[in-house]
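Here is the structure we will look at.
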Amino acid sequence: MADRTVVVLGGGTGGLVAAHQLRRLLDPSDRVVVVERDHTYRYAPSFLWVLTGARRPAQITADLRRLRRRGIEFVEADILGIDPTQRRVKTTEAELTYDRLVVSLGAELAPDALPGFSDGAHNVYTLDGALHARAALQRLHGGRVAVLVSRLPYKCPAAPYETAFLVEALLRRRGVRDGSHIDIYTPEPLPMPTAGPVLGEALRGMLHQRGIGFHPESTVERVDTKRSQLVLADGERVVCNLLLGVPPHRAPQVVRDSGLAGENGFIPVDPATLQTGAEGVFAIGDVTAIPIADGKFLPKAGVFAHAEAEVVARRIAGELAGRRTDATFDGAGACFVELGDGQAAYATGRFYGEGGPQINLRRPGRHWHAAKVGLEQYWMRRWF
Ligand SMILES: Cc1cc2nc3c(=O)[nH]c(=O)nc-3n(C[C@H](O)[C@H](O)[C@H](O)COP(=O)(O)OP(=O)(O)OC[C@H]3O[C@@H](n4cnc5c(N)ncnc54)[C@H](O)[C@@H]3O)c2cc1C
């Protein structure tokens, strides 16, 4: 039997991969429908190269309507409601029914959740924010640069550290490093704490080597825009001439209202199959909450959204064909950490298992930076 409909919510990392793999694996008469509010796709890992001037927006954006050329229906609309009991999705364009649903709606950025952030900080987690930050960096001739992690959890746990490394190298190249201070403020106890102390301490050492101040367990209460200061929860005030910030994150409202979400607003799933509590509904990527050892959750990162999308596509294709499938997600991922000067570090990790994450950090070098560039080129060609 064919003519079934698989609806994919979100055209970001997980949604793109899921839609392509479903199209490849399903019967040609089955429909694959992607619903996404914005037809412009933005490759987030390269926002940090926009910040340094190494990329222009045109190099890292693509038009999602091109999915239609690959036999994938693309609906540009806001998703207003998900009703798993009726197997329906309400959007600003149409109401869709599905046989299987893949929710890949990501984590929403909520700059307004931190008073003063929107006016006082450059949001390095958006393309526009990275462009503005780049212009501000070009005008900077010294002073205090603060990199701020507003709240936990946030996606791509490496990105704020990469931001600090790249800015440090940039200011050095411009000859203004001596008159500058760069500091990171984060509620985390260590860089990338979910990956364990070995990686965290290694990154802390790399920050120290480059003279970047690291202020762990610092929660910022507000940004005092009049005085250009961060106001920390303990009352301390930190002056900064340039504030590069990761805004608070939250689960999208439509997910929180759907009945799929758990206590923290994100969607609990079976760690291996990505099946939610609702029949025929899978969730992948940043919108999920997957518990791992020590009461932590799997980090929110594209590498996991990608791998999970592959698994879900295979499971759905198997289910619809009436075949048993043993495709499962094993909690493995990898991460580049840009260090500036054309260098990067690289870590691989296995996050499932009772003993906690097993992480392998490779020696930093130019080849890891080249590999990160290669991944960007592959990604922009592969899916569009
Ligand atoms: C600066 C930066 C650097 C990063 N670097 C890396 C990296 O090097 N490696 C890595 O693994 N990860 C990296 N990430 C993280 C990575 O981009 C995300 O983890 C990944 O995109 C998550 O995929 P997703 O499909 O879950 O969500 P997303 O890619 O965020 O996609 C969600 C989509 O859903 C859409 N959407 C949400 N709500 C609605 C609605 N109501 N109606 C319609 N559409 C909606 C959104 O518009 C969005 O397109 C980085 C992120 C940033 C910001």
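The values are calculated or read from the model by the stated rules, or taken from the named source; none is laboratory data. Bear in mind the structure is a predicted one, so any value in this text is a computation, not a measurement. For neighbour counting, all protein chains shown are included, and Cβ atoms are generated from backbone atoms with ideal geometry for every residue, glycine included. Please note that ligands, DNA and RNA were not included when accessible areas were found on the heavy atoms of the full protein model with its side chains. Shrake-Rupley method; radii C 1.70, N 1.55, O 1.52, S 1.80 Å.
Data table
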{"read-out": "Residue among A195, A371, S258 farthest towards the positive dipole end of the chain, charges placed on Cβ", "value": "A371"}
{"read-out": "CD proxy at 222 nm, helix term only [per DSSP H run n ≥ 4: -39500 (n - 2.57); per residue of the chain; nearest 500]", "value": "-8500 deg cm²/dmol"}
{"read-out": "Listed residues S180, G285, G235: farthest to the positive end of the dipole of the chain (Cβ charges)", "value": "S180"}
{"read-out": "Cα gyration tensor, the chain - rounded (a/c under 1.5), prolate or oblate", "value": "prolate"}
{"read-out": "Sorted largest first, extent of the range 1-160 alpha carbons per principal axis (Å)", "value": "66, 32, 26"}
{"read-out": "In Å², nearest 10: area of H208 left accessible to a 1.4 Å probe", "value": "150 Å²"}
{"read-out": "Given charges at beta-carbon only (K, R positive; D, E negative), |dipole| of the chain in Debye", "value": "1400 debye"}
{"read-out": "Å² of accessible area per residue within the chain, as computed with a 1.4 Å probe and no ligands counted", "value": "44 Å²"}
{"read-out": "Relative contact order of the range 134-265, defined on C-alpha pairs under 8 angstrom at six or more residues apart (%)", "value": "31 percent"}
{"read-out": "Karplus (6.51, -1.76, 1.60) ³J(HN,Hα), θ = phi - 60°, over the range 333-349, in Hz, Gly and Pro reported as x", "value": "x, 8, 8, 8, 10, 5, 10, x, 6, x, 10, 8, 9, 9, 10, 10, x"}
{"read-out": "Choice from T273, T85, T13 with maximal GNM fluctuation in the chain (Cα, 10 Å cutoff)", "value": "T85"}
{"read-out": "Candidates per GluC sites (Glu not before Pro) in the range 195-292, loop by DSSP, up to 15 other Cβ within 10 Å", "value": "E217, E236, E263, E279"}
{"read-out": "Within the range 46-94, GluC sites (Glu not before Pro) in DSSP loop having at most 15 other beta-carbon neighbours inside 10 Å", "value": "E93"}
{"read-out": "DSSP bridge orientation in the chain - percent antiparallel, rounded to nearest 5", "value": "50 percent"}
{"read-out": "Selected from L298, L22, L232 as most flexible by GNM, with the chain as the system and alpha-carbon contacts under 10 Å", "value": "L232"}
{"read-out": "Residue with peak Gaussian network fluctuation, the chain [Cα springs, cutoff 10 Å], from V33, V145, V176", "value": "V176"}
{"read-out": "Of all accessible heavy-atom area on the range 1-70, the percent that carbon and sulfur account for (1.4 Å)", "value": "45 percent"}
{"read-out": "Amide H partners (placed H, <5 Å) of K300, local residues excluded", "value": "C156"}
{"read-out": "Between the range 288-317 and the range 4-40, the Cα center-to-center distance that results, in Å", "value": "17 Å"}
{"read-out": "The range 105-201 shape via C-alpha gyration tensor axes, a/c threshold 1.5", "value": "oblate"}
{"read-out": "Charge dipole magnitude, Cβ of K and R +1, D and E -1 - the range 16-88, Cα centre, debye nearest 20", "value": "300 debye"}
{"read-out": "Of all accessible heavy-atom area on the range 289-384, the percent that carbon and sulfur account for (1.4 Å)", "value": "50 percent"}
{"read-out": "The range 150-269 - percent of accessible surface contributed by carbon and sulfur, probe 1.4 Å", "value": "49 percent"}
{"read-out": "Spatial separation of Cα centroids for the range 164-199 and the range 72-123, in angstrom", "value": "33 Å"}
{"read-out": "Given K90/K226; K226/K372; K90/K155, the pairs whose alpha carbons are separated by over 32 Å", "value": "K90/K226; K226/K372"}
{"read-out": "Nearest-20 debye value, the range 99-142 charge dipole, Cβ charges on Lys, Arg, Asp, Glu", "value": "240 debye"}
{"read-out": "Karplus 3J(HN,Hα) series, Hz, for the range 165-174 with 6.51 cos²θ - 1.76 cosθ + 1.60 (x for Gly, Pro)", "value": "4, 5, 5, 4, 5, 5, 5, 5, 4, 7"}
{"read-out": "Average projected area [Cα convex hull, the range 148-286], square nanometres", "value": "11.1 nm²"}
{"read-out": "Global geometry of the range 1-69, whether rounded, prolate or oblate, following the gyration tensor of its Cα atoms and the 1.5 cut on a/c", "value": "prolate"}
